[in-house]
Amino acid sequence: MKIVALAGGVGGAKLAHGLAQTLPPEDLTIIVNTGDDFEHLGLYISPDLDTVCYTLAGLANPDTGWGRVNETWQAISNIEKLGGQSWFHLGDQDLATHLERTRRLKEGQCLSEITRDFCKAWGIHHAVIPMSDNPIRTIVNTDEGELAFQEYFVHRRCEPRVKGFRFDGADKAQPTPGVREAIRSADAIVICPSNPWVSIAPILAVPGLRSKIEAKPIAAVSPIIGGQAVKGPAAKMYRELGIEPSALAVAKQYNGLVSHFVMDHIDSQLESDIRSLNMQTLIINTLMKTPDDRRQLAEDVLNFIGTNR
Ligand code: GDP
Ligand code: CA
């Protein structure tokens, strides 16, 4: 049974890794958010794509959830000594990815093609596809005006109050050809526990993508557990937009799209409200602390949606 997973960075990569441990390569395609991509120090950086790839390859830093394990920081600390920009942390091994990707993009190759080759080099057998080869940039509207995503997220540490989001370039973008193919042959879609505002919404903003998945069974795993984000600004974003952060808020955001909603034990009191949105519900442990937790959650989600091998 074929699955397409939609993923951002940290939360997305963990469930994607669980799915990759559970499904054979021909049955899983992971579509990754590129709304966070940006150019910095002359390099093209694709944070969510790299987090997913490093995680699947076993190269990710388990403490941060982003960047490489056993990383060193010689280049960026020397850039800092020269008075250059050092707010975006780039490790030495990680830099090799950005250097080589940038070189190939400048030669005219597309992001999906480069990603495919990098995956091969890293020993990743499952398909990892950027949502689009065209530039789509998440812009955060804040009380200090519009900020490019990494400016808001890393440079300003999510401090400005959020008023909304837009995905610059989305109207002119096309889904990567591999995305269309994978969705067409998928039996079900899994929305990973990624940030709904800035990881999943940009993927759904790619023209045609939402309408292509709509007809399939779609399972979503809540990234909000007990009213809080496990990591990152998701809960803060809900609050600043005037919404109480909860699994119910996530379900409401996916209302009309998602058929199967996966939520944590701790949120069981919200189940009837979520069911009244016309979603089937599954209450399990959704906190992935260990590689085993990732595999277990993946198996539970697949069983729930009825497509376990
Ligand atoms: P980012 O691109 O690195 O911000 O990563 P994502 O958007 O993919 O993931 C961020 C979201 O993942 C946050 O809202 C977290 O609450 C959620 N998250 C992280 N780890 C877990 C976990 O173990 N379980 C669940 N359910 N959510 C998680
Ligand atoms: Ca991200």
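Brief remarks on what is shown
- Look at where the Cα atoms of the range 120-163 and of the range 179-199 average out, and the two centres are 17 Å apart.
- Range of Cα positions in the chain per principal axis (Å), largest first: 58, 44, 39
- The portion of the accessible surface of the chain made up by carbon and sulfur, rounded to a whole percent, is 49 (1.4 Å probe; DNA, RNA and ligands excluded).
- The relative contact order of the range 233-309, computed from alpha carbon pairs under 8 Å that lie at least 6 residues apart in sequence, is 24 percent.
- Alpha carbon convex hull of the range 246-309, volume per residue in cubic angstrom: 81 Å³
- Range of Cα positions in the range 64-112 per principal axis (Å), largest first: 33, 26, 14
- Each Cα pair under 8 Å and six or more residues apart adds its sequence gap; the mean of these over the residue count of the chain is a relative contact order of 21 percent.
- Only one residue of Ala5, Leu241, Ile225 has its Cα farthest out toward the positive end of the dipole of the chain, where Lys and Arg carry +1 and Asp and Glu -1 on Cβ, and that residue is Ala5.
- Stretch gain in nm, segment Asp273-Arg184, where the contour uses 0.36 nm per residue and the Cα spacing is subtracted: 28.9 nm
- Near Ser77, once Lys and Arg are set to +1 and Asp and Glu to -1 for all other residues with Cβ below 15 Å from its Cβ, the sum equals -3.
The values are calculated or read from the model by the stated rules, or taken from the named source; none is laboratory data. Keep in mind the model is a prediction, meaning the values are calculated, not measured. So basically every Cβ, Gly included, is an ideal-geometry build from the backbone, and we count neighbours across all protein chains shown. These accessible areas exclude ligands, DNA and RNA; they are computed on the full protein's heavy atoms, side chains included. Shrake-Rupley method; radii C 1.70, N 1.55, O 1.52, S 1.80 Å.
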